[in-house]
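First the structure, in the form of structure tokens, and then the observations on it.
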Amino acid sequence: MENGRREKDCTNMARSKKPLARQPAGPLSRGWKQSLRRRLRAWYDRHARDLPWRRNADPYRVWVSEIMLQQTQVATVVPYFLRFLKAFPDVRSLAAADEHQVLRLWEGLGYYRRARQLHAAARTIVDEHGGRFPDDPHLVRRLPGIGRYTAGAILSISMDKRLAILEANTVRLLSRLIAFEGDPRAAGGQRQLWEVAEAILPRRRVGQFNQALMELGSQVCTVRAPHCCECPLSALCKAHLTDRQDAIPRTAPKQNFENVHEAAVVVRRRGEVLLRRCAAGERWAGLWDFPRFVVRAQGGAAARRELVDRVREQTGITIAPVERLSTMRHGVTRFRITLDCHAADYVEGHTRRANGAQLKWVRPTALAEYPLSSTGRRLARLVAEQCEL
């Protein structure tokens, strides 16, 4: 209901909008930039959300939050951030941690490469920078997992360095402000928007300004149905003034998804189940999983033979398939995956590494200690529940 009222109020305001007696100067003029900074700061002072990483400008906290927030919603990140900081309150504790611990606390956030790079960067900071986050943007960008945007965000927010940012929310906001009709994902579009982001930077309180840009893009200048009537920059926004805010920025081409059929097998032996640690280069490198692979056969004797053959290829052991436990459907990047989960009994053979993957027999009650993918965790819960019956 609130969203409905919000849209109605915006519509009514748009209908009754009168021309301004004095329009600000055009985009990127001195007067336009001064007005933008003043309006944006006043809005942020009133509307900034109380987020845990904003309560302390420590570079470590800002860095962890920025990595977690990549491709992940704020509401999802908050509990992960709090748990992560409780376990690893500073860069030295993170550097000293085992990757197993880091991935277990990251479990569910996805894009696990972020966690591995965060861990590797922490060790670099301790080994090469004495445990202090570097203040040179060139050194920061050499750290694993940190690019131009992340370096600018960390250093501007925590140290007030005069560095620009450009991420999804600010790409959208800046594109509308200057009515950029090109492709913001193309090299030329990126170059132009970075130039705008640098041109509008204030000389002080840069971190607050950058956070305000992201906040406005996230909360007001939304992808669909932007709330222009609530935007402090609407009088400066070329897209809004020409009624093109719904067409800018140019939308990305529609993603083509590929359907994939996979199987996961819970191999049981004397009260334990077999886990496999995914090797470097695999989808969930560093995480543990049940033997899992793409399958072609969809039922009958051929499917059972394929399960036996593929498990032997991955683990070196022979199984006897027993039953199908469940079917799960999920998405990973451009793939739409149907995952059939099976139970099987160990028959013979010795576990061996294949493609660098580690294998381990684990009691079902200990599965909670191992970092798993989201579907792996769902299957682990199912296994644990069956053991309780």
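Please treat every number below as a calculation from the coordinates, not as lab data. Computed from a predicted structure; not experimentally measured. Because the Cβ atoms are built from the backbone with ideal geometry, glycine has one as well, and the counts that use them run over all protein chains shown.
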**Request:** Determine ³J(HN,Hα), in whole Hz, for all residues of segment 251-268 in sequence, where each value follows from phi through the Karplus function 6.51 cos²θ - 1.76 cosθ + 1.60 and θ = phi - 60°; x replaces Gly and Pro.
**Result:** 6, 6, x, 4, 6, 8, 9, 10, 7, 10, 10, 10, 10, 10, 10, 8, 8, 10
**Message:** Using the Karplus curve 6.51 cos²θ - 1.76 cosθ + 1.60 with θ = phi - 60°, what ³J(HN,Hα) values do you get for each residue of segment 280-296, in whole Hz, with x for Gly and Pro?
**Reply:** 4, x, 7, 4, 10, 3, x, 8, 8, 7, 6, x, 9, 6, 6, 10, 10
**Message:** In whole Hz and in residue order, list the ³J(HN,Hα) couplings for segment 311-316 that follow from phi through the Karplus curve 6.51 cos²θ - 1.76 cosθ + 1.60, θ = phi - 60°; x for Gly and Pro.
**Reply:** 5, 4, 4, 7, 10, x
**Mean shadow area of segment 195-311 over all directions, Cα convex hull, nm²** = 14.6
**Asked** Amide H of Phe335: which non-local residues (sequence gap of 5 or more, or other chain) have their own amide H closer than 5 Å, using H built in the peptide plane?
**Response** Glu258
**Fill in**
Here Rg/Rh (Cα, Kirkwood) for segment 24-241 equals 0.98
**Item:** segment 258-388: relative contact order as a whole-number percent, Cα under 8 Å and 6+ apart
**Value:** 32
**Request:** Find the percent of Cα-Cα distances in segment 328-375 that exceed 14 Å, and round it to a whole number.
**Result:** 72
**Fill in**
Restricted to pairs 8 or more residues apart or on different chains, the lysines in the chain with C-alpha atoms under 17 Å apart form a number of pairs equal to 4
**Asked** Beyond 21 Å, what share of the Cα-Cα pairs of segment 210-277 remains, rounded to the nearest whole percent?
**Response** 54
**Request:** Have a look at Ala301, Ala96, Ala153 and tell me which one the Gaussian network model of the chain (Cα, springs below 10 Å) gives the largest fluctuation.
**Result:** Ala301
**Fill in**
Bounding extents of segment 253-389 in its principal axis frame from Cα atoms, largest first in Å, are 52, 35, 34
**Complete:** In whole Å, largest first, the alpha carbons of segment 40-141 cover along the principal axes 42, 33, 22
**Prompt:** Quick one: what does P(r) look like for the chain with 10 Å bins over all Cα pairs, in whole %?
**Reply:** 4, 19, 24, 21, 17, 11, 4, 1, 0
**Message:** Starting from the Kirkwood Rh over alpha-carbon pairs, what translational D in µm² s⁻¹ does segment 114-169 have by Stokes-Einstein at 25 °C and 0.890 mPa s?
**Reply:** 212
**Prompt:** Once label points are set 7 Å from the Cα along Cα→Cβ at both Arg162 and Arg55, what is their separation, rounded to one decimal in nm?
**Reply:** 3.3
**Complete:** Using the Cα gyration tensor of segment 168-255, the equivalent ellipsoid's semi-axes, largest first and to the nearest Å, work out to 19, 17, 12
**Fill in**
The answer for the longest stretch of the chain without any exposed chymotrypsin sites (Phe, Trp or Tyr not before Pro) (DSSP loop, at most 14 further Cβ atoms within 10 Å) is 112-256
**Request:** May I have the extent of the alpha carbons of segment 291-330 along their three principal axes, as whole Å values ordered from largest to smallest?
**Result:** 28, 22, 18
**Potential lengthening between Arg203 and Asp183 on full extension [0.36 nm per residue; Cα-Cα distance subtracted]** = 4.2 nm
**Item:** Unit Cα scatterers, Debye sum, segment 104-214: log10 I(q)/I(0) for q = 0.12, 0.20, 0.22, 0.23 Å⁻¹
**Value:** -0.50, -1.10, -1.18, -1.21
**Request:** Treating the angle as unsigned and between 0 and 90°, give the value, to the nearest 10°, between the Cα long axis of helix 206-219 and the longest Cα principal axis of the chain.
**Result:** 70
**Request:** With a 10 Å radius around each residue's Cβ, average the other Cβ atoms per peptide and rank 228-240, 267-279, highest first.
**Result:** 228-240, 267-279
**Request:** List the residues whose amide H sits under 5 Å from the amide H of Val322, counting only those 5 or more places along or on another chain, with H placed 1.01 Å from N in the peptide plane.
**Result:** Ala343, Ala344, Asp345
**Prompt:** What spacing in nm lies between the two simple spin-label points modelled at Gln70 and Thr242, each 7 Å away from Cα in the Cβ direction?
**Reply:** 3.5
**Complete:** In segment 258-388 the DSSP beta bridges are antiparallel at a rate, in percent to nearest 5, of 70
**Item:** Antiparallel bridge percentage (DSSP; both residues within the chain; nearest 5)
**Value:** 70
